[in-house]
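Heads up, the thing below is written out as structure tokens.
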Amino acid sequence: MKNRIARILLVLLVLMVTLIPAIYLNSIYGYFPILFLVAMLLLSFLCMNRIRNHVPVEMDMQNGECERGRSVSVGLGVRNSTHLISPKVAANLFISDLFGGEDAKSQTCFTLAPMERTDLGFDMDMPHIGIYHLGIEDMDIYDFFGVFKRNVSIQENFEVYVKPRILPVEELPLREIATAETDRNTRTTVMSGMDYVGVREYEAGDSMKQIHWKLSAHSLDYMTKIHESNRQTDFAVIVDFAAQAEKDREVLMDIYDALIETSLSLIDEIARYHTSYSLIYCNKEREIQKMTPKGRDDDLALIRDFSVITPDPPAGYPDAAQIVIEEGNMANRSSNVILCTSRVTEELIQELLRIKRQQRSPELYQIVPAGLNSRELSDRKAKLAALDEADIHHCFVYTTDVGAIGKEVV
């Protein structure tokens with residue numbers, strides 16, 4: 001802006017200088033300098049408008065993809081369809097953020113030669129998972145003297161899919177703990193001539209034939225028998241996008257990456273040993289979804305459908321506790337419930353304890369920012385004391401080391 005004002009002031013100064021001959025020469029020839037300068041400025045202005053209407057932007061790629069942490073190559077071209085030259089064109093490039101706004105802008109300047117194409121190739125680092133849009137928002141075309149400028153709205157962009165890094169989980173507690181816990185829970189016990197694996201609190205929809213009347217009388221609450229025929233070694237991986245508010249949005253993005261990569265890595269590990277599993281999450285419409293991913297081909301659809309990371313979720317947003325409750329109310333609820341979240345509430349802890357009392361196997365993978373100090377970590381561990389007492393497996397997953405799932409046990 002300052003440079004442009006300086007150029008305008010310079011042109012005005014030149015115009016004043018060219019008026020000197022007209023003032024001191026008592027002749028028509030004294031007006032030639034200023035008339036020539038005005039004509040050149042007018043011609044420059046007309047040429048700029050001509051170029052402005054004949055500079056199509058050509059996209060060398062429609063969509064791109066890369067793995068999180070890598071860069072994507074962007075190919076754009078601006079073609080000058082006239083025989084005129086533009087000494088300076090400033091293209092404003094942009095990349096959207098996960099929340100639909102603009103994360104970053106940059107400007108590149110170049111010269112448009114007559115009847116030639118100028119390539120604008122560059123690499124853009126993509127540090128976070130998601131679907132983003134890159135492109136040219138608009139261009140500023142300058143006249144030959146740099147005095148005038150016209151803006152051209154382009155709105156050309158293409159989509160970039162940043163894939164999660166799905167890493168092998170080598171020392172996953174799930175395989176050694178959850179499966180063993182399920183096997184222990186499904187041992188047959190004989191009582192009153194009935195084979196069953198345990199009891200749980202009565203829930204709406206349970207058959208009255210399955211009520212354990214003697215135990216219900218002692219506990220003063222209805223208790224439902226769990227039969228071996230109803231038990232399966234199946235898994236539900238729940239990913240929770242509700243989070244605590246953070247001053248730095250980058251921290252939220254790191255948590256989002258860790259949630260997705262942890263949950264999908266767990267799904268991959270489970271799929272190696274079991275055929276009955278599901279992924280449960282909140283989508284962008286704040287609806288709880290349940291699906292069974294079949295590999296990397298489903299990742300793009302999942303990323304499109306996943307809710308964005310939601311700090312301090314509003315009322316009605318399905319957080320971890322609500323999703324756990326909904327999963328427990330499903331007719332085909334799972335015997336192993338694995339939860340990936342960064343936000344542990346008292347309600348969630350109570351729901352995990354309830355799952356344990358139902359002779360099901362809950363696990364908690366809590367995503368924590370890498371920058372937490374020892375006091376903050378201690379506070380988070382203290383909140384999980386009830387899980388320790390109930391022998392519920394839980395661990396921390398740091399945002400900078402998603403590959404080390406399960407190694408930092410609380």
Show the residues, 5+ positions off or on another chain, whose built amide H is closer than 5 Å to the amide H of Arg70. Met126
When the charge dipole of region 296-360 is computed with +1 on Lys and Arg Cβ and -1 on Asp and Glu Cβ about the Cα centre, the Cα farthest towards its positive end, among Ile309, Gln359, Val337, belongs to Gln359
Computed FRET value (nearest 0.05) for Glu58 with Asp221, which takes r as the C-beta separation and R₀ as 51 Å: 0.10
Calculate one ³J(HN,Hα) per residue across region 368-376 by plugging θ = phi - 60° into the Karplus curve 6.51 cos²θ - 1.76 cosθ + 1.60, and present them in order as whole Hz with x for glycine and proline. 10, x, 5, x, 5, 8, 5, 5, 5
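Just reorder His212, His54 by solvent-accessible area, largest first, 1.4 Å probe, all chains present. Walk me through the numbers before you get to the answer.
On the way: His212 20, His54 60 Å².
Of His212, His54, the descending order of accessible area is His54, His212.
What is the extension gain from Asp123 to Ala370, computed as 0.36 nm multiplied by their sequence separation minus the C-alpha to C-alpha distance, in nm to one decimal?
On the way: separation 247, 0.36 × 247 = 88.92 nm, distance 2.78 nm.
Additional length available on full extension: 86.1 nm.
Roughly speaking, to the nearest percent, how much of region 12-91's 1.4 Å accessible area is carbon and sulfur? Spell out each step's value before the answer.
Working: 3220 of 4920 Å².
Here it works out to 65 percent.
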Any residue on another chain or 5+ positions along whose placed amide H is under 5 Å from the amide H of Leu339 is listed here as Ile238, Glu363, Leu364, Tyr365
Interchain or long-range residues, amide H under 5 Å from Val397's placed H: Gln366, Ile367, Val368
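Note down the magnitude of the dipole of region 284-326 about its Cα centre, charges +1 on Lys and Arg C-beta and -1 on Asp and Glu C-beta and zero elsewhere, to the nearest 20 debye. Each step should come with its number before you reach the end.
Details: 6 positive and 9 negative charges, 23 e Å.
Roughly 100 debye for region 284-326.
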Too-long pairs where the Cα-Cα distance tops 24 Å, listed order kept, from Lys290/Lys381; Lys163/Lys294; Lys294/Lys383: Lys290/Lys381; Lys294/Lys383
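Give the residue list of GluC sites (Glu not before Pro) in region 53-152 that are DSSP loop and have at most 16 other beta-carbon atoms within 10 angstrom.
Details: sites: Glu58, Glu65, Glu67, Glu102, Glu116, Glu137; in loops: Glu116.
Sparse-neighbourhood loop GluC sites (Glu not before Pro): Glu116.
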Between Ala39 and Asn332, with labels modelled 7 Å along Cα→Cβ, what's the label distance in nm to one decimal, could you check? 8.4
Simple spin-label estimate for Ala90/Gln350, 7 Å along Cα→Cβ, in nm, reads 5.9
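At a 1.4 Å probe radius, which order do Cys282, Cys47 fall into by accessible area, largest first?
Details: Cys282 0, Cys47 35 Å².
Order by accessible area, largest first: Cys47, Cys282.
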Karplus ³J(HN,Hα) for region 121-126 (6.51 cos²θ - 1.76 cosθ + 1.60, θ = phi - 60°; Hz, whole; x = Gly/Pro) runs x, 7, 9, 10, 6, 10
Taking a probe of 1.4 angstrom, what is the accessible area of Asp297 in Å², to the nearest 10? 150
Residue-ordered couplings for region 379-384, obtained by feeding phi - 60° into the Karplus form 6.51 cos²θ - 1.76 cosθ + 1.60 and rounding to whole Hz (Gly and Pro as x), are 5, 5, 5, 4, 5, 9
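The values are calculated or read from the model by the stated rules, or taken from the named source; none is laboratory data. For clarity, every value in this text was computed on a predicted model and none was experimentally measured. All Cβ positions, glycine included, derive from the backbone under ideal geometry; neighbour counts span all protein chains shown. All accessible areas refer to the heavy atoms of the entire protein, side chains included, with ligands and DNA or RNA removed. Shrake-Rupley method; radii C 1.70, N 1.55, O 1.52, S 1.80 Å.
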